[in-house]
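Notes for the one structure printed next.
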Amino acid sequence: MGQHQLSDHTTLRLGGPAPLWLSHNHDADWPDLARTAVGHPELPFTLGGGSNSLAADDGTTRPVIHMATRGIRTHHLADDQVEVTVAAGHPLADLVASTVAEGLSGIEYLGGIPGTAGAAPVQNAGAYGQEIGDTLAAITTHDWTTGRTARIPAAECRLGYRTSVFKQVPGRWTILSLTLHLTRSTVAAPVTYQHLATALRAPLGSRPPLAEAAATVLHDRAERGLLLPETGHDARQAGSCFLNPTVTDDQAGALRSQGAPVYRTPAHTWRASAGWLLEACGYRTGAEVTRGVRCSTRRTLTLTAQAEATAHDFRTALEEMAARVRTAAGLDLYLEPVLV
């Protein structure tokens with residue numbers, strides 16, 4: 001309980017006060033914490049690692065539930081299948097490393113993604129051709145509209161490209177834990193992402209050794225500036241700021257003629273590269289966008305907050321970049337960070 005500054009709990013280090021702060025550390029404490037939150041007129045906001053959050057300068061009047069639970073439990077199913085249940089506050093990167101060390105395949109390509117395990121289904125976190133939804137079996141969540149805590153099968157979570165029912169109806173649920181079905185294996189899931197195949201020097205569809213595949217992902221993320229640095233120019237960031245936009249067949253053809261990367265999704269739609277679109281509009285790594293806000297030194301798709309930046313400055317930079325792409329390419333870029 002007590003007031004906290006959101007800037008102390010977000011990787012952008014931006015954001016004002018949260019007068020009602022509820023830290024959830026142990027499963028047994030949830031009923032009492034939920035009763036406290038229900039006594040407030042506004043729905044609570046659930047905050048994990050703060051690596052995908054843009055908090056307002058004047059803070060929030062909503063209760064903030066800081067999800068700090070930890071723990072991984074495994075249960076052997078039939079044959080080589082293993083059920084893994086993880087607390088929502090457990091770091092996703094640690095979950096990936098732990099399952100790989102245990103010889104479990106299914107989330108090995110998600111290594112190095114910042115934030116908590118509980119946040120992963122909200123965005124349907126994915127990388128290198130793999131998504132958390134590929135192995136998600138169920139989620140235990142608290143529904144603030146009904147006041148009930150229940151286990152929801154993955155099929156009801158409406159997972160899609162960086163989206164879910166939890167993102168589509170923000171604030172209604174707080175995720176408490178998630179259950180994955182992984183496979184005991186010495187080899188990784190088939191490689192479906194060309195960049196990873198190149199990094200592994202392996203053909204698409206191959207199944208490299210599990211530990212080697214996971215280590216290659218971490219090395220490649222580091223080489224491409226996709227890890228969250230602890231210090232330096234790029235430390236204050238929230239990762240990629242925009243989702244890759246959906247484009248029509250005609251738009252995909254036009255973009256390809258300009259040399260733009262365009263790819264077909266599993267849902268048979270086309271998506272363009274938000275990073276390429278921003279670079280085509282003149283944005284460059286390390287360049288200032290607005291006062292105190294710069295593109296990272298590694299990627300134009302990642303914005304960094306410098307010492308003098310405010311959340312308003314950061315939001316202004318995002319709006320300016322999206323507007324420039326809309327004018328130049330007729331495409332809308334949607335924010336990936338969650339606004340608090």
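The values are calculated or read from the model by the stated rules, or taken from the named source; none is laboratory data. Because the structure is predicted, anything quoted here is derived from the model rather than measured. Positions of Cβ are backbone-derived with ideal geometry, glycine not excepted, and every protein chain shown enters the neighbour counts. Areas reflect the complete protein model, heavy atoms only, side chains present, ligands, DNA and RNA absent. Shrake-Rupley method; radii C 1.70, N 1.55, O 1.52, S 1.80 Å.
Go through segment 164-173 residue by residue and tally those that are surrounded by 16 or more Cβ atoms within 10 Å (Cβ to Cβ) and touching a residue at least 24 places away in the same chain (Cβ under 8 Å).
Here is the first cut: in segment 164-173, the ones surrounded by 16 or more Cβ atoms within 10 Å (Cβ to Cβ) are 164-167, 173.
Retained after the next criterion (residues that are touching a residue at least 24 places away in the same chain (Cβ under 8 Å)): 164, 166-167, 173.
Looking only at that region, the number is 4.
Consider segment 99-114. How many of its residues are closer than 13 Å to Ala189 by Cα and in a helix (DSSP H, G or I)? Before the answer, list the steps.
Taking segment 99-114 and keeping what is closer than 13 Å to Ala189 by Cα, we get 100, 103-110.
So of that shortlist, the ones also in a helix (DSSP H, G or I) come out as 100, 108-110.
Selection size over segment 99-114: 4.
Every residue in segment 231-253 that is open to solvent by 20 Å² or more (accessible area, probe 1.4 Å) and in a helix (DSSP H, G or I), please.
Asp249, Asp250, Gln251, Gly253
Filtering segment 17-65 down to residues that are assigned to a helix (DSSP H, G or I) and of a type outside the set (D, E, K, R), which residue is surrounded by the most Cβ atoms within 10 Å (Cβ to Cβ)? Step through it out loud before you land on a result.
Here is the first cut: in segment 17-65, the residues assigned to a helix (DSSP H, G or I) are 27-38.
Adding the requirement that they be of a type outside the set (D, E, K, R) leaves 28, 30-31, 33-34, 36-38.
Working: Ala28: 7, Trp30: 16, Pro31: 11, Leu33: 20, Ala34: 20, Thr36: 15, Ala37: 22, Val38: 12.
The selected residue is Ala37.
Which residue is surrounded by the fewest Cβ atoms within 10 Å (Cβ to Cβ), if the candidates are limited to segment 67-98 and must be polar (S, T, N, Q) and in a strand (DSSP E or B)? Before the answer, list the steps.
If we filter segment 67-98 for residues that are polar (S, T, N, Q), which is where we start, we get 69, 74, 81, 85, 98.
Next cut, in a strand (DSSP E or B) only: 74, 81, 85.
On the way: Thr74: 16, Gln81: 14, Thr85: 17.
Selected residue: Gln81.
Can you list the helices (runs of 4 or more DSSP H) lying wholly within segment 115-200 that have 1 or more residues being within 23 Å of His24 (Cα to Cα) and at pLDDT 95 or above? Full working, then the answer.
Details: elements: 120-123, 165-168, 194-200.
Answer list for segment 115-200: 120-123, 165-168.
Does Leu204 qualify as being in a loop (DSSP other than H, G, I, E, B), among the aliphatic types (A, V, I, L, M) and either buried (at least 16 other Cβ atoms within 10 Å of the Cβ) or at pLDDT 90 or above (or both)? Walk me through how you get there before you give the answer.
Numbers: in a loop (DSSP other than H, G, I, E, B): yes; among the aliphatic types (A, V, I, L, M): yes; either buried (at least 16 other Cβ atoms within 10 Å of the Cβ) or at pLDDT 90 or above (or both): yes.
Here the answer is yes, as Leu204 does meet what is asked.
Looking only at segment 111-122, how many residues end up being surrounded by 24 or more Cβ atoms within 10 Å (Cβ to Cβ) and closer than 21 Å to Thr140 by Cα?
7
Out of Ala328, Ala323, which single residue is open to solvent by less than 70 Å² (accessible area, probe 1.4 Å) and either at pLDDT 95 or above or aliphatic (A, V, I, L, M) (or both)?
Ala323
Here are some residues: Ala188, Ala197. Which one is more than 30 Å from Arg324 (Cβ to Cβ), among the aliphatic types (A, V, I, L, M), in contact with a strand residue (DSSP E or B) (Cβ under 8 Å, 6 or more places away or on another chain) and surrounded by 16 or more Cβ atoms within 10 Å (Cβ to Cβ)? Quick ask: steps written out before the conclusion?
Numbers: Ala197 fails: in contact with a strand residue (DSSP E or B) (Cβ under 8 Å, 6 or more places away or on another chain).
Ala188 is the lone residue from the list that is more than 30 Å from Arg324 (Cβ to Cβ), among the aliphatic types (A, V, I, L, M), in contact with a strand residue (DSSP E or B) (Cβ under 8 Å, 6 or more places away or on another chain) and surrounded by 16 or more Cβ atoms within 10 Å (Cβ to Cβ).
Within segment 292-320, how many residues are among the small types (Gly, Ala, Ser) and open to solvent by 50 Å² or more (accessible area, probe 1.4 Å)? Break it down stepwise before answering.
To start, the set of residues in segment 292-320 that are among the small types (Gly, Ala, Ser) comprises 292, 296, 305, 307, 309, 311, 317.
From the residues that got through so far, the ones that are open to solvent by 50 Å² or more (accessible area, probe 1.4 Å) too are 307.
Counting residues in segment 292-320 that are among the small types (Gly, Ala, Ser) and open to solvent by 50 Å² or more (accessible area, probe 1.4 Å) gives 1.
So Ala267 clears everything in (1) open to solvent by less than 60 Å² (accessible area, probe 1.4 Å); (2) under 18 Å from Arg162 (Cβ atoms) except one condition, right? Which one?
All conditions are met except number (1).
Counting just the residues of segment 1-16 that are modelled with pLDDT under 95 and in a loop (DSSP other than H, G, I, E, B), which one comes out most open to solvent (accessible area, probe 1.4 Å)?
At the first step, the residues of segment 1-16 found to be modelled with pLDDT under 95 are 1-4.
Restricting the remaining residues to those that are in a loop (DSSP other than H, G, I, E, B) gives 1-3.
Values: Met1: 151, Gly2: 33, Gln3: 118 Å².
Filtering segment 1-16 for residues that are modelled with pLDDT under 95 and in a loop (DSSP other than H, G, I, E, B), the one most open to solvent (accessible area, probe 1.4 Å) comes out as Met1.
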